[in-house]
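Single-structure report; data block below.
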Amino acid sequence: MRLNNIGYLLKEGFRGIFLHGFMSFAAVCVTVACLLIVGSFSALAYNLDIMVQELNRTSEILVLIDSSLSDAEARSIGTKINLLDNVLQSTFVSREEALEDFVADHDDDPAFSGVRAEDLRHRYVVVLEDNTKMEQTDEQLRQIPGVVKTDAAYELAEGFSTIQDVLHMVSAAVIAVLLVVSLLIISNTVKLAMYDRRDEIAIMKMVGATNGFIRLPFMVEGFTLGMVGAALAFGLEWAGYDALVQRIAAVDSLQLFSFVSFQELLIPMVMVFAAAGMFVGIVGSWTSIRKFMDV
Amino acid sequence: MIQFNNVVKSYEQGNNALNGVSMQIEDGEFCFLVGPSGSGKSTIIKLITGELKPSSGTIHVNGYSLERIRKREIPYLRRTVGVVFQDFRLIDKMTVYENVAFAMRVVGAREKEIRDRVPYVLELVGLENKLSRHPHEMSGGEQQRLAIARALVNNPSTIIADEPTGNLDPERSYEIMALLQEINNLGTTVLVVTHAQDLVELFQKRVIAIDEGQIVSDGTEDEEENTDEAE
């Protein structure tokens, strides 16, 4: 293929976009709508995943220390606790601090006024890196000399893990379905555009144009439309996401939901949108034109 | 040259569109192909342009053996055969000049060649003053001239005209046929598929008659009349 021809084919591809303005507009609109839906759901799933991870972090193990140990001995156990692989952070709570918390938890009820600090134990509040290994870490904590008892909420941790697993599966399935549906819709729109130009393709075949020569302008056109759609969808997604996050941040009752900034999603979003736009444009036009090539 | 040797073409439904057709059209010849609807004329055109493959027999068109032609060779076969249709098949969004130039561009011609060749061909068909018109602004006769110009522009050795006068009044039909004869005089082989008996008689060229997928006569109109009288 001569350089002169490549220039012509590229020019034809771009010319086709404007020559068939309405179909081009329809293809871009459908691409934008589909990618916006996929992008919004992906962003929501990502945020939910992070929220569940944060909630899961709040699962802790309470480690009670032998009351016969001195304050200094009790404090030294912290070093051994921190040496364990799965321990993210351990906080020492003296028996005096534990008493203050206890009294505060019971709204200064006079019924507990007789409780003294000596009745309680020194303790550690241990936060884990991975709550799925809670049982194993709990066992290791109990092996440490000076530890008399631990209190770990296995069920809560397992519950969070299950929620996270389900969330991953559901979001992967929904995103996959949305992507397939989007591809079908966009491919159908491209097919309509091709149908509109079937006479042109038939004439090209009739005068002896090769399949590659016929296809390339359509591929250029499909690629350009896909990328334009992806760029528009990306811009709208960014603006819409930022506006939503700002609104949520301004409402006190919604403070539980903390969304990540769009900058954190920027690179994966750019990659997904660009890949989807390119794939949809090129594959959509390739498969659609095949039908009209058999002349 | 177009050569059919004992060609049979069967469709999937089981009926034979052609039953052992043999014919030869030499380079530079002008020939009519006549026959009633459903006789196999369209099948012959589709076989010549590589749109269909024969079920059996051999076909040679301008150096290509069509019974074993590869898919990727078909575009090159089609560059040797220009086709003109009854319904013109022009692109309405393009001007006269663009319609013809388009046929050159899609086979990879250079811009300079296009600039030189298109005005020459349009002059040949008498449309040199209508370069910027669109097909819908032209009469049926002019549209058919444009279709002929498009078929000619890549300099094919053969022109096939499928009912080229089917949509035209008698006067325009005569003009189109005269134009095809002029093109033939320049050395291009011309095969005209037609129902227009008056034109066939008027132009006194070789006539191949086909019926029910078989060639029933082959000769000039005069020869056929003589044969009929002798019988």
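The values are calculated or read from the model by the stated rules, or taken from the named source; none is laboratory data. Treat the numbers as computed from the prediction; the structure is a model and nothing was measured. Cβ placement follows ideal geometry from the backbone for every residue including glycine, while neighbour counts extend to all protein chains displayed.
The rows are residues; the columns are (1) away from every other protein chain (no Cβ under 12 Å); (2) in a loop (DSSP other than H, G, I, E, B); (3) of a type outside the set (Lys, Arg); (4) surrounded by fewer than 20 Cβ atoms within 10 Å (Cβ to Cβ).
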site: B:22; (1), (2), (3), (4): yes, no, yes, yes
site: B:58; (1), (2), (3), (4): yes, no, yes, yes
site: B:75; (1), (2), (3), (4): no, no, yes, no
site: B:82; (1), (2), (3), (4): no, no, yes, no
site: B:89; (1), (2), (3), (4): no, yes, no, yes
Failed condition for residue A:83, given (1) closer than 14 Å to residue A:124 by Cβ; (2) in contact (Cβ under 8 Å) with a residue 12 or more places away in the chain:
(2)
The condition from (1) more than 30 Å from residue A:172 (Cα to Cα); (2) part of a helix (DSSP H, G or I); (3) β-branched (Val, Ile, Thr); (4) in contact with a Leu (Cβ under 8 Å, 6 or more places away or on another chain) that residue A:61 misses is numbered (2)
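Out of the stretch A:146-169, which residues are within 23 Å of residue A:41 (Cβ to Cβ) and touching a residue at least 12 places away in the same chain (Cβ under 8 Å)?
Listed by number, the residues that qualify are A:160, A:161, A:163, A:164, A:167, A:168.
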Just checking, does the stretch A:170-183 include any residue being surrounded by 13 or more Cβ atoms within 10 Å (Cβ to Cβ) and in contact with a strand residue (DSSP E or B) (Cβ under 8 Å, 6 or more places away or on another chain)?
no
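In contact with a strand residue (DSSP E or B) (Cβ under 7 Å, 6 or more places away or on another chain), at pLDDT 90 or above and crowded, with 20+ Cβ neighbours inside 10 Å, is that true of residue B:33?
Considered against the rule, which asks whether it is in contact with a strand residue (DSSP E or B) (Cβ under 7 Å, 6 or more places away or on another chain), at pLDDT 90 or above and crowded, with 20+ Cβ neighbours inside 10 Å, residue B:33 comes out as yes.
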Just checking, how many residues over the stretch B:1-20 are in a loop (DSSP other than H, G, I, E, B) and either in contact with a Pro (Cβ under 9 Å, 6 or more places away or on another chain) or free of Cβ contacts under 8 Å to residues at least 60 places away in the same chain (or both)?
5
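Could you please let me know if residue A:248 is closer than 30 Å to residue B:108 by Cα and either modelled with pLDDT of 85 or more or surrounded by 13 or more Cβ atoms within 10 Å (Cβ to Cβ) (or both)?
no
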Checking residue B:155 against (1) within 21 Å of the chain's Cα centre (by Cα); (2) assigned to a helix (DSSP H, G or I), only one condition comes out false. Which one?
(2)
